[in-house]
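The values are calculated or read from the model by the stated rules, or taken from the named source; none is laboratory data. The structure displayed is predicted, hence computed values, not measured ones. Using ideal geometry, Cβ is built from the backbone for each residue, glycine included, and neighbour counts are taken over all protein chains shown. Accessible surface areas use protein heavy atoms only, side chains included; no ligands, DNA or RNA. Shrake-Rupley method; radii C 1.70, N 1.55, O 1.52, S 1.80 Å.
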Amino acid sequence: MKRKSTAILASTGMVGQRFVQLLEDHPWFEISVLAASERSAGKKYKDACVWRMETEMPKEIGEMTVVNTDIKSVKKASDVDLIFSALPGDIAGPIETAFASEYPVLSKAAAHRMEEDVPLLIPEVNPEHLELINVQRRRRGWSGFLSTDPNCSTIQMVMTLKPLMKFGLRRVIVTTMQALSGAGYPGVASLDIIDNVIPYIAKEEEKMETETKKLLGVFDGEKIRPANIYISACCNRVNVKDGHLEVIYVDLETKPSVEEVKEAFRSFVGEPQILNLPSAPKKPIIVRDEIDRPQPRLDRDAGRGMSVVVGRIRSDPIMTIKYLCLGHNTIRGAAGAGILSAELMAAKGYI
Ligand code: NAP
(Lines give C-alpha, C1' and ligand atoms only; values in the text may rest on other atoms or scores of the structure.)
Protein backbone atom coordinates (compact mmCIF):
# COMPACT_ATOMS: atom_id res chain seq x y z
CA MET A 1 0.00 0.00 0.00
CA LYS A 2 1.32 3.48 -0.89
CA ARG A 3 1.85 5.44 2.31
CA LYS A 4 -0.27 8.56 2.81
CA SER A 5 1.73 11.75 2.95
CA THR A 6 1.36 14.01 5.97
CA ALA A 7 2.25 17.52 7.06
CA ILE A 8 2.98 18.28 10.71
CA LEU A 9 2.09 21.78 11.93
CA ALA A 10 4.15 22.95 14.93
CA SER A 11 6.60 20.18 14.08
CA THR A 12 9.42 21.65 16.20
CA GLY A 13 7.61 21.55 19.58
CA MET A 14 7.33 18.74 22.13
CA VAL A 15 4.31 17.18 20.44
CA GLY A 16 5.60 17.87 16.92
CA GLN A 17 8.86 16.07 17.74
CA ARG A 18 6.93 13.11 19.11
CA PHE A 19 4.98 12.95 15.81
CA VAL A 20 8.29 12.91 13.92
CA GLN A 21 9.62 10.14 16.15
CA LEU A 22 6.49 7.98 15.96
CA LEU A 23 5.99 8.42 12.21
CA GLU A 24 9.52 7.23 11.38
CA ASP A 25 8.93 3.93 9.55
CA HIS A 26 5.16 4.09 10.02
CA PRO A 27 3.56 1.52 7.69
CA TRP A 28 0.67 3.78 6.54
CA PHE A 29 1.93 7.38 6.81
CA GLU A 30 5.06 9.30 5.83
CA ILE A 31 6.19 12.84 6.63
CA SER A 32 6.23 15.11 3.57
CA VAL A 33 6.03 18.58 5.11
CA LEU A 34 7.28 20.05 8.39
CA ALA A 35 5.78 23.42 9.31
CA ALA A 36 6.38 25.77 12.24
CA SER A 37 6.47 29.49 13.03
CA GLU A 38 8.21 32.23 11.05
CA ARG A 39 11.13 31.81 13.47
CA SER A 40 11.81 28.33 12.03
CA ALA A 41 10.62 28.64 8.42
CA GLY A 42 13.43 28.38 5.86
CA LYS A 43 15.76 26.55 8.27
CA LYS A 44 16.67 22.87 8.13
CA TYR A 45 14.62 20.93 10.72
CA LYS A 46 17.81 19.97 12.60
CA ASP A 47 18.68 23.68 12.99
CA ALA A 48 15.16 24.88 13.80
CA CYS A 49 14.39 22.32 16.46
CA VAL A 50 15.82 21.67 19.93
CA TRP A 51 15.44 17.88 19.68
CA ARG A 52 14.36 16.45 23.03
CA MET A 53 13.33 12.88 22.14
CA GLU A 54 15.20 9.87 23.59
CA THR A 55 15.98 8.47 20.10
CA GLU A 56 18.11 10.15 17.40
CA MET A 57 16.42 12.58 15.03
CA PRO A 58 15.85 10.67 11.74
CA LYS A 59 18.68 11.88 9.41
CA GLU A 60 16.57 12.64 6.33
CA ILE A 61 14.04 14.52 8.48
CA GLY A 62 16.81 16.70 9.91
CA GLU A 63 17.72 17.78 6.37
CA MET A 64 14.15 18.82 5.45
CA THR A 65 13.41 22.55 5.26
CA VAL A 66 10.74 23.82 7.64
CA VAL A 67 7.96 25.82 5.96
CA ASN A 68 5.57 28.50 7.15
CA THR A 69 2.21 27.47 8.57
CA ASP A 70 -0.14 28.43 5.75
CA ILE A 71 -1.83 26.51 2.95
CA LYS A 72 0.25 28.10 0.20
CA SER A 73 3.58 27.16 1.79
CA VAL A 74 2.45 23.61 2.57
CA LYS A 75 1.09 23.13 -0.98
CA LYS A 76 4.30 24.44 -2.49
CA ALA A 77 6.33 21.98 -0.41
CA SER A 78 4.32 18.86 -1.33
CA ASP A 79 0.95 17.25 -2.01
CA VAL A 80 -0.30 15.95 1.31
CA ASP A 81 -3.17 13.65 2.22
CA LEU A 82 -3.63 14.80 5.81
CA ILE A 83 -2.42 17.31 8.38
CA PHE A 84 -1.41 16.69 11.98
CA SER A 85 -1.68 19.92 13.95
CA ALA A 86 0.17 20.46 17.23
CA LEU A 87 -0.35 24.22 17.17
CA PRO A 88 -0.64 26.21 20.41
CA GLY A 89 -4.30 26.45 21.42
CA ASP A 90 -4.45 30.24 21.28
CA ILE A 91 -3.48 30.44 17.60
CA ALA A 92 -4.80 27.12 16.24
CA GLY A 93 -8.42 28.24 15.62
CA PRO A 94 -8.36 30.11 12.28
CA ILE A 95 -5.26 28.31 10.95
CA GLU A 96 -6.83 24.87 11.40
CA THR A 97 -10.14 26.02 9.94
CA ALA A 98 -8.38 27.27 6.81
CA PHE A 99 -6.55 23.96 6.34
CA ALA A 100 -9.68 21.90 7.07
CA SER A 101 -11.57 23.45 4.17
CA GLU A 102 -9.18 21.49 1.89
CA TYR A 103 -7.47 18.79 3.97
CA PRO A 104 -8.32 16.31 6.70
CA VAL A 105 -6.91 17.99 9.83
CA LEU A 106 -6.29 16.05 13.05
CA SER A 107 -5.68 18.50 15.84
CA LYS A 108 -4.05 18.26 19.25
CA ALA A 109 -5.10 21.79 20.15
CA ALA A 110 -8.06 22.81 22.31
CA ALA A 111 -9.45 25.45 19.92
CA HIS A 112 -12.19 23.40 18.18
CA ARG A 113 -12.72 20.47 20.57
CA MET A 114 -16.11 21.49 21.90
CA GLU A 115 -17.68 22.62 18.60
CA GLU A 116 -20.93 20.78 17.91
CA ASP A 117 -19.94 19.25 14.57
CA VAL A 118 -16.29 18.47 15.41
CA PRO A 119 -15.39 14.97 16.63
CA LEU A 120 -13.46 14.74 19.88
CA LEU A 121 -12.03 11.29 19.53
CA ILE A 122 -10.43 8.50 21.54
CA PRO A 123 -10.44 5.56 19.13
CA GLU A 124 -11.10 2.95 21.86
CA VAL A 125 -13.83 5.02 23.50
CA ASN A 126 -16.09 6.72 20.94
CA PRO A 127 -15.25 5.66 17.36
CA GLU A 128 -18.91 6.18 16.38
CA HIS A 129 -18.44 9.95 16.94
CA LEU A 130 -16.43 9.97 13.70
CA GLU A 131 -19.78 10.13 11.91
CA LEU A 132 -19.84 13.81 12.92
CA ILE A 133 -17.45 14.31 10.00
CA ASN A 134 -20.37 13.73 7.62
CA VAL A 135 -22.48 16.30 9.52
CA GLN A 136 -19.58 18.77 9.46
CA ARG A 137 -18.97 18.40 5.73
CA ARG A 138 -22.68 18.83 4.99
CA ARG A 139 -22.90 21.97 7.17
CA ARG A 140 -19.60 23.62 6.23
CA GLY A 141 -19.26 22.48 2.62
CA TRP A 142 -15.62 21.54 3.12
CA SER A 143 -13.72 19.01 1.02
CA GLY A 144 -11.49 18.41 4.06
CA PHE A 145 -12.58 18.07 7.69
CA LEU A 146 -11.47 18.81 11.22
CA SER A 147 -11.20 16.25 14.01
CA THR A 148 -9.68 16.74 17.45
CA ASP A 149 -8.07 14.66 20.18
CA PRO A 150 -8.81 15.48 23.81
CA ASN A 151 -6.54 17.08 26.34
CA CYS A 152 -3.76 14.70 27.51
CA SER A 153 -4.94 14.23 31.10
CA THR A 154 -8.52 13.68 29.88
CA ILE A 155 -7.57 10.93 27.40
CA GLN A 156 -6.03 8.61 29.98
CA MET A 157 -8.78 9.19 32.54
CA VAL A 158 -11.62 8.64 30.06
CA MET A 159 -10.02 5.42 28.81
CA THR A 160 -10.47 4.10 32.35
CA LEU A 161 -13.97 5.55 32.78
CA LYS A 162 -15.34 3.96 29.59
CA PRO A 163 -15.30 0.36 30.92
CA LEU A 164 -16.95 1.60 34.13
CA MET A 165 -19.96 3.04 32.27
CA LYS A 166 -21.70 -0.35 32.48
CA PHE A 167 -21.76 -0.02 36.29
CA GLY A 168 -23.71 3.25 36.04
CA LEU A 169 -21.04 5.96 36.31
CA ARG A 170 -22.51 8.91 38.25
CA ARG A 171 -19.69 11.02 39.75
CA VAL A 172 -15.94 11.36 39.26
CA ILE A 173 -13.35 13.22 41.33
CA VAL A 174 -9.85 13.41 39.86
CA THR A 175 -6.58 14.92 41.10
CA THR A 176 -3.72 15.01 38.62
CA MET A 177 0.07 15.11 39.01
CA GLN A 178 1.15 16.23 35.54
CA ALA A 179 4.56 15.97 33.90
CA LEU A 180 6.68 18.88 32.72
CA SER A 181 6.65 17.92 29.04
CA GLY A 182 2.92 18.63 29.15
CA ALA A 183 3.81 22.32 29.27
CA GLY A 184 5.83 22.16 26.03
CA TYR A 185 9.46 23.22 25.58
CA PRO A 186 11.12 24.99 27.38
CA GLY A 187 7.94 25.04 29.47
CA VAL A 188 8.02 25.65 33.21
CA ALA A 189 11.11 27.46 34.53
CA SER A 190 13.42 25.13 36.49
CA LEU A 191 13.48 27.52 39.46
CA ASP A 192 9.69 27.27 39.67
CA ILE A 193 9.48 23.47 39.69
CA ILE A 194 12.63 22.08 41.38
CA ASP A 195 11.75 21.17 44.99
CA ASN A 196 8.16 22.13 44.25
CA VAL A 197 4.62 21.30 43.08
CA ILE A 198 2.54 23.91 41.29
CA PRO A 199 -1.15 23.54 42.17
CA TYR A 200 -2.48 25.19 39.02
CA ILE A 201 -2.45 24.48 35.28
CA ALA A 202 -4.32 27.04 33.21
CA LYS A 203 -7.65 25.79 31.77
CA GLU A 204 -6.79 22.14 32.52
CA GLU A 205 -9.53 21.48 35.08
CA GLU A 206 -12.22 22.97 32.83
CA LYS A 207 -10.99 20.81 29.92
CA MET A 208 -11.17 17.61 31.97
CA GLU A 209 -14.65 18.47 33.19
CA THR A 210 -16.21 19.43 29.83
CA GLU A 211 -14.39 17.14 27.40
CA THR A 212 -15.22 14.02 29.45
CA LYS A 213 -18.97 14.57 29.04
CA LYS A 214 -18.65 14.93 25.26
CA LEU A 215 -16.39 11.86 24.96
CA LEU A 216 -18.77 9.63 26.92
CA GLY A 217 -21.84 11.14 25.25
CA VAL A 218 -24.10 9.62 22.61
CA PHE A 219 -24.15 10.57 18.90
CA ASP A 220 -27.80 11.15 17.94
CA GLY A 221 -27.26 11.49 14.19
CA GLU A 222 -26.62 15.26 14.30
CA LYS A 223 -24.70 16.02 17.48
CA ILE A 224 -23.33 14.50 20.69
CA ARG A 225 -25.69 14.37 23.67
CA PRO A 226 -23.29 14.82 26.65
CA ALA A 227 -23.07 12.07 29.28
CA ASN A 228 -25.07 12.75 32.40
CA ILE A 229 -22.21 12.57 34.91
CA TYR A 230 -20.73 14.95 37.47
CA ILE A 231 -17.00 15.48 37.41
CA SER A 232 -14.63 17.58 39.51
CA ALA A 233 -10.92 17.99 38.62
CA CYS A 234 -7.90 19.41 40.45
CA CYS A 235 -4.72 19.68 38.34
CA ASN A 236 -1.13 20.01 39.55
CA ARG A 237 2.27 20.28 37.83
CA VAL A 238 4.97 18.04 39.33
CA ASN A 239 8.68 17.56 38.81
CA VAL A 240 8.45 14.57 36.44
CA LYS A 241 9.62 14.61 32.80
CA ASP A 242 6.92 12.49 31.09
CA GLY A 243 3.80 10.69 32.33
CA HIS A 244 0.75 12.08 34.07
CA LEU A 245 -0.37 10.31 37.26
CA GLU A 246 -4.02 10.74 38.34
CA VAL A 247 -5.93 9.79 41.50
CA ILE A 248 -9.51 8.96 40.53
CA TYR A 249 -12.60 8.38 42.71
CA VAL A 250 -15.75 7.06 41.02
CA ASP A 251 -19.30 6.72 42.25
CA LEU A 252 -20.94 3.72 40.52
CA GLU A 253 -24.65 3.00 40.70
CA THR A 254 -24.51 -0.82 40.78
CA LYS A 255 -21.72 -0.95 43.40
CA PRO A 256 -19.39 -3.48 41.71
CA SER A 257 -16.68 -5.22 43.71
CA VAL A 258 -12.99 -4.35 43.31
CA GLU A 259 -12.53 -7.63 41.40
CA GLU A 260 -15.33 -6.77 38.97
CA VAL A 261 -13.76 -3.37 38.30
CA LYS A 262 -10.33 -4.95 37.74
CA GLU A 263 -11.88 -7.42 35.31
CA ALA A 264 -13.66 -4.58 33.46
CA PHE A 265 -10.30 -2.81 33.03
CA ARG A 266 -8.44 -5.98 32.01
CA SER A 267 -10.97 -7.08 29.41
CA PHE A 268 -11.46 -3.63 27.85
CA VAL A 269 -10.69 -3.45 24.11
CA GLY A 270 -11.97 -1.13 21.40
CA GLU A 271 -12.05 -0.89 17.62
CA PRO A 272 -8.28 -0.24 17.31
CA GLN A 273 -7.59 -3.64 18.87
CA ILE A 274 -10.30 -5.38 16.82
CA LEU A 275 -9.01 -3.78 13.60
CA ASN A 276 -5.41 -4.44 14.68
CA LEU A 277 -4.35 -0.87 13.86
CA PRO A 278 -0.54 -0.37 13.73
CA SER A 279 -0.36 1.90 16.82
CA ALA A 280 -3.00 0.11 18.89
CA PRO A 281 -1.62 -1.36 22.11
CA LYS A 282 -2.68 -4.97 22.68
CA LYS A 283 -3.97 -3.95 26.09
CA PRO A 284 -5.39 -0.40 26.23
CA ILE A 285 -5.51 -0.70 30.05
CA ILE A 286 -2.90 -2.60 32.06
CA VAL A 287 -3.78 -3.46 35.66
CA ARG A 288 -0.86 -3.57 38.12
CA ASP A 289 -1.39 -5.38 41.40
CA GLU A 290 1.74 -4.17 43.23
CA ILE A 291 0.95 -1.81 46.11
CA ASP A 292 3.22 0.96 44.77
CA ARG A 293 2.34 1.09 41.06
CA PRO A 294 1.75 2.80 38.66
CA GLN A 295 4.79 5.10 38.72
CA PRO A 296 5.73 7.52 35.89
CA ARG A 297 9.31 6.32 35.42
CA LEU A 298 8.43 2.63 35.48
CA ASP A 299 5.12 2.59 33.65
CA ARG A 300 4.91 5.45 31.12
CA ASP A 301 6.32 3.37 28.26
CA ALA A 302 3.89 0.47 28.71
CA GLY A 303 2.47 -0.64 25.37
CA ARG A 304 5.01 1.63 23.59
CA GLY A 305 3.51 4.54 25.54
CA MET A 306 -0.01 3.80 24.25
CA SER A 307 -1.36 1.80 27.22
CA VAL A 308 -2.85 3.38 30.32
CA VAL A 309 -1.65 1.74 33.53
CA VAL A 310 -3.96 1.50 36.55
CA GLY A 311 -3.25 0.33 40.08
CA ARG A 312 -4.17 0.63 43.76
CA ILE A 313 -7.77 -0.22 42.89
CA ARG A 314 -9.73 -0.34 46.13
CA SER A 315 -13.15 0.42 47.54
CA ASP A 316 -13.88 3.87 48.88
CA PRO A 317 -16.08 4.72 51.89
CA ILE A 318 -17.55 7.84 50.25
CA MET A 319 -17.50 7.06 46.53
CA THR A 320 -17.53 3.41 45.29
CA ILE A 321 -14.00 2.78 44.01
CA LYS A 322 -10.69 4.67 43.96
CA TYR A 323 -7.60 3.99 41.85
CA LEU A 324 -4.60 5.62 40.18
CA CYS A 325 -3.98 5.83 36.48
CA LEU A 326 -0.90 6.76 34.48
CA GLY A 327 -0.41 7.63 30.81
CA HIS A 328 2.41 8.96 28.64
CA ASN A 329 1.27 12.52 27.96
CA THR A 330 3.13 13.12 24.68
CA ILE A 331 2.42 9.61 23.29
CA ARG A 332 -1.04 8.38 24.40
CA GLY A 333 -1.91 11.93 25.40
CA ALA A 334 -0.74 13.62 22.20
CA ALA A 335 1.11 12.40 19.08
CA GLY A 336 0.36 8.69 19.55
CA ALA A 337 -3.31 9.55 20.03
CA GLY A 338 -3.32 11.62 16.82
CA ILE A 339 -1.69 8.83 14.83
CA LEU A 340 -4.09 6.18 16.21
CA SER A 341 -7.02 8.45 15.28
CA ALA A 342 -5.62 8.80 11.75
CA GLU A 343 -5.23 5.03 11.48
CA LEU A 344 -8.87 4.55 12.50
CA MET A 345 -9.97 7.16 9.95
CA ALA A 346 -7.90 5.47 7.23
CA ALA A 347 -9.32 2.05 8.13
CA LYS A 348 -12.86 3.46 7.95
CA GLY A 349 -12.29 5.30 4.66
CA TYR A 350 -12.40 8.90 5.97
CA ILE A 351 -8.88 9.57 4.65
P1 NAP B 1 5.67 23.57 22.43
O2 NAP B 1 6.71 22.57 22.77
O3 NAP B 1 5.70 24.87 23.15
O4 NAP B 1 5.76 23.85 20.86
C5 NAP B 1 5.08 24.90 20.24
C6 NAP B 1 5.10 24.69 18.74
O7 NAP B 1 4.22 25.65 18.14
C8 NAP B 1 6.47 24.90 18.09
O9 NAP B 1 6.61 23.98 17.04
C10 NAP B 1 6.37 26.33 17.54
O11 NAP B 1 7.20 26.57 16.42
C12 NAP B 1 4.92 26.34 17.09
N13 NAP B 1 4.40 27.70 16.98
C14 NAP B 1 4.41 28.67 17.93
N15 NAP B 1 3.86 29.83 17.44
C16 NAP B 1 3.53 29.57 16.15
C17 NAP B 1 2.94 30.33 15.12
N18 NAP B 1 2.60 31.62 15.30
N19 NAP B 1 2.73 29.75 13.90
C20 NAP B 1 3.08 28.47 13.69
N21 NAP B 1 3.64 27.66 14.64
C22 NAP B 1 3.86 28.22 15.86
O23 NAP B 1 4.20 22.99 22.65
P24 NAP B 1 3.69 21.46 22.68
O25 NAP B 1 3.84 20.89 24.03
O26 NAP B 1 4.28 20.74 21.51
O27 NAP B 1 2.12 21.63 22.47
C28 NAP B 1 1.55 21.80 21.20
C29 NAP B 1 0.03 21.67 21.28
O30 NAP B 1 -0.32 20.36 21.72
C31 NAP B 1 -0.68 22.65 22.23
O32 NAP B 1 -1.92 23.01 21.69
C33 NAP B 1 -0.86 21.80 23.47
O34 NAP B 1 -1.91 22.26 24.29
C35 NAP B 1 -1.17 20.45 22.87
N36 NAP B 1 -0.88 19.28 23.70
C37 NAP B 1 0.33 19.15 24.30
C38 NAP B 1 0.58 17.99 25.06
C39 NAP B 1 1.89 17.77 25.76
O40 NAP B 1 1.98 16.78 26.51
N41 NAP B 1 2.91 18.57 25.54
C42 NAP B 1 -0.39 17.02 25.17
C43 NAP B 1 -1.61 17.19 24.54
C44 NAP B 1 -1.83 18.32 23.80
P45 NAP B 1 8.63 27.32 16.57
O46 NAP B 1 9.59 26.29 17.08
O47 NAP B 1 8.92 27.73 15.18
O48 NAP B 1 8.44 28.45 17.54
With a 1.4 angstrom probe the carbon and sulfur portion of accessible area for the chain, in percent, totals 51 percent
Straight-line reach check, Lys46, cutoff 20 Å on alpha carbons, 8 or more apart in-chain or any other chain, hits among aspartates and glutamates -> Glu24, Asp25, Glu30, Glu38, Glu54, Glu56, Glu60, Glu63
If the chain between Ile198 and Asp90 were fully extended at 0.36 nm per residue, the gain over the current Cα-Cα distance would be 36.7 nm
Percent relative contact order for the chain, counting Cα pairs under 8 Å at least six residues apart, stands at 17 percent
Quick note, region 152-328: a/c under 1.5 would make it rounded; otherwise a/b > b/c is prolate and the rest oblate (a ≥ b ≥ c, C-alpha gyration tensor); here it is rounded
Along the dipole axis of region 152-328 (charges at Cβ: +1 for Lys and Arg, -1 for Asp and Glu; origin at the Cα centre), the most positive-end residue among Leu275, Thr254, Thr320 is Leu275
Once the dipole of region 160-249 is set up from charges on Cβ (+1 Lys and Arg, -1 Asp and Glu), the residue from the list Phe167, Ala202, His244 lying farthest towards its positive end is Phe167
With Cα springs under 10 Å, the Gaussian network model of the chain assigns the largest mean-square fluctuation among Met177, Met64, Met159 to Met64
As a Kirkwood estimate from alpha-carbon pairs, region 132-226 has a hydrodynamic radius in angstrom of 16.2 Å
Between the modelled labels at Glu209 and Ser190 (7 Å from Cα along Cα→Cβ) the distance in nm is 3.6 nm
Answer in debye to the nearest 20: the dipole magnitude of region 152-328 about its Cα centre, from +1 Lys/Arg and -1 Asp/Glu charges placed on Cβ, is 300 debye
Counting sequence-distant residues (5 or more places) and residues on other chains, those with an amide H built under 5 Å from that of Val308 are Ile285, Ile286
Applied in sequence order to region 217-229, the curve 6.51 cos²θ - 1.76 cosθ + 1.60 (Karplus, θ = phi - 60°) yields integer Hz couplings, x standing for Gly and Pro, of x, 10, 7, 9, x, 10, 8, 9, 8, x, 5, 8, 10
With the 1.4 Å probe rolled over protein heavy atoms, region 152-328 has an accessible area per residue in Å² of 47 Å²
Restricting to Cα pairs under 8 Å and 6 or more apart, the percent relative contact order of region 278-319 works out to 48 percent
Too long for a 27 Å Cα-Cα cut-off, among Lys4/Lys108; Lys108/Lys322; Lys162/Lys282; Lys214/Lys255; Lys76/Lys348, are Lys108/Lys322; Lys76/Lys348
Along the dipole axis of the chain (charges at Cβ: +1 for Lys and Arg, -1 for Asp and Glu; origin at the Cα centre), the most positive-end residue among Gly311, Gly144, Ser190 is Gly144
Burial-style ranking of 182-194, 292-304, average other-beta-carbon count within 10 Å with highest first, yields 292-304, 182-194
Quick calc, the chain, dipole around Cα centre from Cβ unit charges on Lys, Arg (+) and Asp, Glu (-), nearest 20 debye, gives 240 debye
A correct Karplus calculation of ³J(HN,Hα) over region 263-268, with 6.51 cos²θ - 1.76 cosθ + 1.60, θ = phi - 60°, whole Hz and x for Gly and Pro, returns 5, 4, 5, 4, 8, 5
Fraction of alpha-carbon pairs in the chain farther than 32 Å apart, rounded to whole percent, equals 27 percent
